[in-house]
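For reference, the structure discussed in these notes is given below.
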Amino acid sequence: MTDISLRLRRAARDQEIDTQRRHGAQGIIAHAAEIAVSKNLALQHAEWNLGAGLSHSSSHRLDLMVAEKISTGYFLDQDLVSYARGQNTEYIRLKLLRMFDLFWSAGS
């Protein structure tokens with residue numbers, strides 16, 4: 001394989017991972033919205049990385065706002081990619097539930 005074909009394959013792989021990362025992030029926010037509804041809470045805002053996008057990094061920050069209170073959680077890049085693939089969904093669900101529990105412990 002030539003150097004150019006290796007670079008093209010690597011770029012295609014990186015593009016696929018980027019797509020999965022974005023889909024995973026969207027799915028996690030949708031899951032957070034479902035949890036909010038099940039807890040009779042209004043999810044006012046959800047944002048990744050303080051609005052800076054989802055470029056590759058080792059972890060990503062998710063801020064959830066309910067009743068003017070913010071709960072922050074950190075997810076590994078692999079968490080987003082694997083969630084898009086339908087993997088680790090229970091782990092993500094439990095992590096989101098812990099984020100919502102912070103609203104209750106903060107005196108909601």
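Observations
- Scanning the range 64-94 for residues that are over 25 Å from GLU16 (Cα atoms), touching an Asp or Glu at 6+ places or on another chain (Cβ under 9 Å) and not polar (S, T, N, Q) gives LEU64, MET65, ILE70.
- Per this entry, LEU97 is not counted among residues that are hydrophobic (A, V, I, L, M, F, W, C), under 11 Å from the mean Cα position of the chain (by Cα) and not in a loop (DSSP other than H, G, I, E, B).
- Residue, surrounded by the fewest Cβ atoms within 10 Å (Cβ to Cβ), within the range 64-77, restricted to residues that are modelled with pLDDT of 90 or more and of a type in the set (D, E, K, R): LYS69
- Cβ-Cβ contacts under 6 Å between residues 6 or more apart (or on different chains), taken from a first residue in the range 73-93 that is closer than 15 Å to ALA46 by Cα and part of a strand (DSSP E or B) to a second residue that is small (Gly, Ala, Ser) and at pLDDT below 95, are listed as TYR74/SER59.
Conditions tested, residue by residue: (1) at pLDDT 95 or above; (2) closer than 21 Å to ARG21 by Cα; (3) buried (at least 18 other Cβ atoms within 10 Å of the Cβ).
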position	(1), (2), (3)
ALA33	yes, yes, no
ASN40	no, no, no
SER55	no, yes, no
LEU62	yes, yes, yes
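The values are calculated or read from the model by the stated rules, or taken from the named source; none is laboratory data. Fair warning: this is a prediction, and the values are worked out from it, not measured in the lab. All Cβ positions, glycine included, derive from the backbone under ideal geometry; neighbour counts span all protein chains shown.
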